[in-house]
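Written out below as structure tokens is the structure these notes cover.
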Amino acid sequence: MLRVEGITRSFSGFRALAGVGFDAERGRVTAVIGPNGAGKTTLFNVLTGHLKPDGGRILFQNNNIAGAKPHQVFRLGVARSFQLTNVFNRLTVLENVQVALLSRAGRSGSLSRGSLSECAARARELLDRVGLDGWAGQNAGRLSYGDQKLLEIGMALAGRPELLLLDEPTAGMSPEETAATAGLIRRLPGEGVTVLFTEHDMDLVFGLADKIVVLNQGLCIAQGPPDEVRAIAAVQKAYLGVEA
Ligand SMILES: Nc1ncnc2c1ncn2[C@@H]1O[C@H](COP(=O)(O)OP(=O)(O)O)[C@@H](O)[C@H]1O
Ligand SMILES: [Mg+2]
């Protein structure tokens, strides 16, 4: 589904991405891991069009999307969550998802009562998928941090993405919220959503991912099934470096 080839990106001379290449398969959960500063967030920003790469190709279903604008990438079926910047605190949880649904339909300019109620049923379905159905009528600002992040995932799913990118989805979550997020990620491929995510919690990564891509200093130093990646000395070294 996704093939990344030789992606480079520098920030005033510093090579944050130094030629990253890997594949992510349809219907699978792929994790991108690597120490702090490895380039994971920069990679996600490049994949979704929020940063232009200096070079390289990003083939999403055989379209080269390197350098495309965020809305173009989104329209092709790639969604992400934005660490709460998309959540409207003073709208209800249900209304947040309705706004996401309407904006996907290109009708956000005319939020009439009619169109809002039209998509209420679908919004409830999405809340059910992310486990927030009990919170539909509450203001989003009253949700816990972890539940707001789940709401954001629900809003991202409103766009019916084929590929969903999640950058550290469980950061700052309680153990219960982390478990709920893991359950959601595990269900997504069965619902037609391929997942690419970054995560610090290695138990979660090795428990969830079908494939692991390891970044270190802007390069992919390993990729493969969890058991293979765990055994690679360079991976152990990159992580031992962090611990030291
Ligand atoms: N906008 C930016 N300007 C300058 N340096 C940046 C910028 N974004 C990221 N970097 C640098 O690029 C490197 C990779 O960062 P990042 O992609 O956030 O890593 P990760 O998500 O793996 O922790 C870091 O050294 C970071 O300081
Ligand atoms: Mg990051």
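Tabulated data for the structure shown
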| quantity | calculated |
| --- | --- |
| Extension gain (nm, one decimal) between Asp23 and Ser174, 0.36 nm per residue minus Cα-Cα | 51.2 nm |
| Diffusion constant of the chain at 4 °C, which comes from Stokes-Einstein with the Kirkwood Cα-pair radius and 1.567 mPa s, µm²/s | 70 |
| Gain on full stretching of the segment that runs from Met202 to Arg90 - 0.36 nm per residue minus C-alpha separation | 36.8 nm |
| 3J(HN,Hα) from dihedral phi, segment 214-231, Karplus parametrisation 6.51/-1.76/1.60, rounded to Hz, x for glycine, proline | 10, 9, 8, 6, x, 10, 7, 9, 6, 7, x, x, x, 5, 5, 5, 4, 7 |
| Built amide H within the under 5 Å cut-off of Phe197, gap 5+ | Thr30, Ala31, Val32, Leu166 |
| Separation of alpha-carbon centers, segment 213-235 and segment 145-199, rounded to whole Å | 23 |
| Inter-label distance, nm, simple model (7 Å from Cα along the C-beta direction), Glu228/Ser10 | 3.3 |
| Cβ-based exposure ranking for Glu162, Glu125, in which fewest neighbours within 10 Å come first | Glu125, Glu162 |
| Expected 222 nm ellipticity per residue - DSSP helices of 4 or more, -39500 (n - 2.57), all of the chain, to 500 | -11000 deg cm²/dmol |
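Every read-out reported here was derived from the displayed coordinates using simple, explicitly stated rules and does not represent laboratory data. Small disclaimer: the values here were computed from a predicted structure and weren't measured. Cβ atoms come from the backbone with ideal geometry, glycine included; neighbour counts cover every protein chain shown.
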